[in-house]
């Protein structure tokens with residue numbers, strides 16, 4: 001494993017990666033913990049903030065940009081921001097099924113799906129793990 005590509009990356013990439021890793025771990029913990037408890041709510045608030053930082057920081061990462069500054073992957077960032085808002089609104093309104101579905105969608109799509117995309121050959125994490 002070679003961490004040099006991470007150390008050489010821009011601050012936006014470092015922030016994005018660090019917050020995404022913490023969101024991945026905290027999200028996994030949240031999936032296994034009891035729901036509706038004060039701890040679940042506190043950790044959930046933290047996870048939502050992490051997800052917002054991950055999504056917002058991506059707008060300063062433009063390595064895959066096609067025409068213009070942004071790429072198609074930035075659509076996922078907008079969807080993530082809207083998903084976080086929707087999940088919070090649903091929870092506060094007592095629509096727990098909608099909240100659960102939004103959070104599971106965020107974790108599966110924005111964390112697992114997009115995270116897997118970060119390992120594609122040529123991307124940063126492929127260089128860290130030595131196959132890029």
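For this structure, a couple of remarks:
- Exclusive hit being under 21 Å from residue 19 (Cα atoms), free of Cβ contacts under 8 Å to residues at least 24 places away in the same chain and not in a loop (DSSP other than H, G, I, E, B), set 81, 85: 85
- Residue among 57, 10 that alone is touching a residue at least 40 places away in the same chain (Cβ under 8 Å) and within 14 Å of the chain's Cα centre (by Cα): 57
- Among residues of the stretch 26-39 that are within 17 Å of residue 96 (Cβ to Cβ), those with a Cβ under 8 angstrom from a residue that is in a loop (DSSP other than H, G, I, E, B), sequence gap 6+ or separate chain, pair up as 39/33.
- Among the residues of the stretch 12-23, those that are in contact with a helix residue (DSSP H, G or I) (Cβ under 8 Å, 6 or more places away or on another chain) and surrounded by fewer than 16 Cβ atoms within 10 Å (Cβ to Cβ) comprise 12, 14, 22.
- Checked against the criteria, residue 70 counts as closer than 26 Å to residue 5 by Cβ and in a loop (DSSP other than H, G, I, E, B).
- All conditions in (1) without any contact (Cβ under 8 Å) to a residue 40 or more places away in the chain; (2) in contact with a helix residue (DSSP H, G or I) (Cβ under 6 Å, 6 or more places away or on another chain) hold for residue 110, with the sole exception of (1).
- Scanning the stretch 43-63 for residues that are out of contact with any helix residue (DSSP H, G or I) (no Cβ under 7 Å at 6 or more places or on another chain) and in a helix (DSSP H, G or I) turns up 45, 49, 56.
- When 122, 130 are checked against the criterion of being over 24 Å from residue 72 (Cβ atoms) and modelled with pLDDT under 95, 130 stands alone in meeting it.
- Filter result for residue 67 (at pLDDT 95 or above, over 19 Å from residue 17 (Cα atoms), surrounded by fewer than 16 Cβ atoms within 10 Å (Cβ to Cβ) and out of contact with any strand residue (DSSP E or B) (no Cβ under 6 Å at 6 or more places or on another chain)): no
- Single residue of 73, 61, 85 found to be surrounded by 13 or more Cβ atoms within 10 Å (Cβ to Cβ), at pLDDT 95 or above and closer than 20 Å to residue 111 by Cα: 85
- Residues located in the stretch 114-132, provided they are assigned to a helix (DSSP H, G or I) and exposed (fewer than 12 other Cβ atoms within 10 Å of the Cβ): 116
The values are calculated or read from the model by the stated rules, or taken from the named source; none is laboratory data. A quick note: this is a predicted structure, and the numbers were derived from the prediction, not measured. Every residue, glycine as well, gets a Cβ built from its backbone with ideal geometry; the counts of neighbours run over all protein chains shown.
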